[in-house]
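As structure tokens, the structure follows; a few thoughts come after it.
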Amino acid sequence: MKQKKKSHKIVVIALAALILIFFGYNLIWGARVYKTYSQFVPGMDEIHFLQTYAIQDEDGYTYNVKVPSYLSYTGNLGVQPPIGGDCALIIWPGITSETTYGLFLSDQDGHTHAIKLDKNRMLAADESEYAKEVYEYNIDKVNDLFARADQMWSIE
């Protein structure tokens, strides 16, 4: 009988520890996501409750914030020109790693390419030569997108 009570106690303690770990992880996740993303949403319109925010400036550029989904660390910021624009900037603020960037850019023929940038806003080392050409072809647009993002948000 004592053995049975002892094993029940162990199961209850183990279950309580698992519950505490789960709640602790949720608390840490929530605090890290809030700390990272709360600075980007003031003044923006809430599109989906606590998940997606957007605003359009006087030039027609759209700025958006996508807060990570529950227990995910992947959210992003975006800057897009007015409808019909052929470029866009995506920023993945660093929560568990460094901030990284991506671009959607059109080449001379109007085909869109996804291009990765590193933490220094330079082409990722594994990008192709053609991606480098597309990037250089659009460098003025890229610089404009980054200037607008820097004006809208303080990104570290």
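Values quoted throughout were computed directly from the atomic coordinates according to the rules given, and no laboratory measurement underlies them. Computed from a predicted model, the values in this text were never measured in an experiment. All Cβ positions, glycine included, derive from the backbone under ideal geometry; neighbour counts span all protein chains shown.
When Ser106, Ser38 are arranged by Cβ crowding within 10 Å, least crowded first, meaning fewest neighbours, the order is Ser38, Ser106.
Please give the Cα centre distance for segment 11-55 versus segment 85-113, rounded to the nearest Å. Taking the Cα centre of each part, segment 11-55 and segment 85-113 sit 26 Å apart. Extension gain, Ser154 to Lys116: 0.36 nm times the residue separation minus the Cα-Cα distance gives 11.6 nm. Taking 0.36 nm per residue of separation and subtracting the Cα-Cα distance, full extension of the segment from Tyr25 to Ser38 would add 2.8 nm. For a modelled paramagnetic label at Glu136, 7 Å from Cα along Cα-to-Cβ, no residue of segment 102-121 is in reach, as no backbone nitrogen comes under 12 Å. In a fully extended conformation the segment linking Asp109 and Ser69 would gain 10.8 nm over its present Cα-Cα distance, using 0.36 nm per residue. Each of Glu136, Glu127 was scored by other Cβ atoms within 10 Å of its Cβ. Listed from fewest to most, they are Glu136, Glu127.
In this Cβ point-charge picture (+1 for Lys and Arg, -1 for Asp and Glu), the chain has a dipole of about 2220 debye about its Cα centre. Spin-label model, Ser97 to Thr52: label points 7 Å out along the Cα-to-beta-carbon direction sit 2.5 nm apart.
For each of Lys5, Lys141, Lys116, Lys132, count neighbouring Cβ atoms within 10 Å of the residue's Cβ, then give the residues from fewest to most.
So the ranking, lowest neighbour count to highest, is Lys5, Lys132, Lys116, Lys141.
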